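Single-structure report; data block below.
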2 protein chains.
Amino acid sequence: MNNKEKLRKAGLRPTKQRMIIADILLDGINRHFTAENLQNEINSSGNSMSIATIYNCLKKFRNCGLIKQVESSKDTAIFDTNINQHHHFLDEETGELIDIENDEVNLHKLPKIPQGYLNNGVEVLIKIKKQV
Amino acid sequence: MNNKEKLRKAGLRPTKQRMIIADILLDGINRHFTAENLQNEINSSGNSMSIATIYNCLKKFRNCGLIKQVESSKDTAIFDTNINQHHHFLDEETGELIDIENDEVNLHKLPKIPQGYLNNGVEVLIKIKKQV
DNA sequence: AAGTAGTTTAGAACGATTTTAAAGTAAAAA
DNA sequence: TTTTTACTTTAAAATCGTTCTAAACTACTT
Ligand SMILES: [Mn+2]
Ligand SMILES: [Mn+2]
Ligand SMILES: [Zn+2]
Ligand SMILES: [Zn+2]
């Protein structure tokens, strides 16, 4: 399925801008990135785009499940092209995230989900720091 | 150990403002809160404090390990008085966090820590959503 | 082709957080 | 105790990521 079809299937009009972003993000290589990172990639690819459009687009892509947003205590939103359930290493010093595939973690015992709620995904974060 | 001693031990001068905050946060009851939540509690206690001081203080407390900051994709920082290693349920709709004690989770299989790094803490986040 | 609903954009606005710089306070030195 | 020093608090301004506004544009439908 090409990117135009992916956008259509997600219910999004394949505009020029969304195609530019899809071509960058949906190339099968997983990455963690900010809106500014993406704008730099867009610029490097010889295109340009308003930051408002980039935010609009990332929000749409996220809400359609084409990308994810990572939980982060940094003040800049971090997005993730790996939409499979997976986990992360986090170097808190640098903010660097490294993917951990789902089958590399095994949760043996899980607490009971609170009354009236459903489990909607489990994420493991392993904080790491550089060895001295 | 009283709060004045706790601050001294953490290397912080026990100023009037830090004592007011310590009296609210270090009462043994665990909570998740924002800077604004804390300012409201300070006001309710008959005191008042500049928001800059509240941020200064929260940063110092966090860096000293008296409180933690939670990983969150919301744009407002969320702090946690539970400084033990523990986990969370997160209702993504409301942002509500519920503590999971460390012994309620058992990680059977963990990936190898990347070369040159040390494990610096594991956090499990269980996203939950209200049952329909 | 014409209509319409959705999209892009520059720039303004917003909200959380940090910075500034001056006044105040706690601890150390005398 | 007084003096000195470094640290802290504050209001206000600045900063920065993100969202909003409203006008121009474009994709899709009729
Ligand atoms: Mn965040
Ligand atoms: Mn912000
Ligand atoms: Zn990832
Ligand atoms: Zn907690």
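The table for this structure:
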item: Subset of the stretch A:95-106 (residues that are assigned to a strand (DSSP E or B) and either in contact with a Gly (Cβ under 6 Å, 6 or more places away or on another chain) or surrounded by 15 or more Cβ atoms within 10 Å (Cβ to Cβ) (or both)); result: A:LEU97, A:ILE98, A:ASP99, A:ILE100
item: Residues of the stretch B:73-94 classified as over 14 Å from B:ASN37 (Cα atoms) and surrounded by fewer than 20 Cβ atoms within 10 Å (Cβ to Cβ), total; result: 12
item: Subset of the stretch A:75-94 (residues that are within 16 Å of DNA strand D (Cβ to nearest atom), more than 24 Å from A:LEU26 (Cβ to Cβ) and not charged (D, E, K, R)); result: A:THR94
item: Unique match (being farther than 22 Å from A:GLY121 by Cα and surrounded by fewer than 17 Cβ atoms within 10 Å (Cβ to Cβ)) among B:LYS68, B:LYS112; result: B:LYS112
item: Residue satisfying condition, being more than 7 Å from every other protein chain (Cβ to nearest Cβ) and in contact (Cβ under 8 Å) with a residue 60 or more places away in the chain, within set B:ASP99, B:ASP103; result: B:ASP99
item: A:ALA22, sole failed condition from (1) more than 10 Å from DNA strand D (Cβ to nearest atom); (2) within 14 Å of another protein chain (Cβ to nearest Cβ); (3) among the small types (Gly, Ala, Ser); result: (2)
item: Flag for A:ILE67 being in contact with an Asp or Glu (Cβ under 9 Å, 6 or more places away or on another chain) and either of a type outside the set (Ser, Thr, Tyr) or in the same structural domain as A:ARG8 (by TED's automatic domain parsing) (or both); result: yes
item: Candidates B:ASP75, B:ASP23, B:ASP27 - the one that is within 14 Å of the chain's Cα centre (by Cα) and charged (D, E, K, R); result: B:ASP27
item: Matching residues in the stretch A:40-57 - criterion: being within 9 Å of DNA strand C (Cβ to nearest atom) and either more than 14 Å from chain B (Cβ to nearest Cβ) or hydrophobic (A, V, I, L, M, F, W, C) (or both); result: A:ASN47, A:SER48, A:MET49, A:SER50, A:ILE51, A:ALA52, A:THR53, A:ILE54, A:ASN56, A:CYS57
item: Qualifying residue in the stretch B:42-55 (condition: in contact with a strand residue (DSSP E or B) (Cβ under 9 Å, 6 or more places away or on another chain), modelled with pLDDT of 95 or more and surrounded by 12 or more Cβ atoms within 10 Å (Cβ to Cβ)); result: no
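The values are calculated or read from the model by the stated rules, or taken from the named source; none is laboratory data. Because the structure is a prediction, the values reported are computed rather than measured. Cβ: placed from backbone, ideal geometry, glycine included. Neighbour counts: every protein chain shown.
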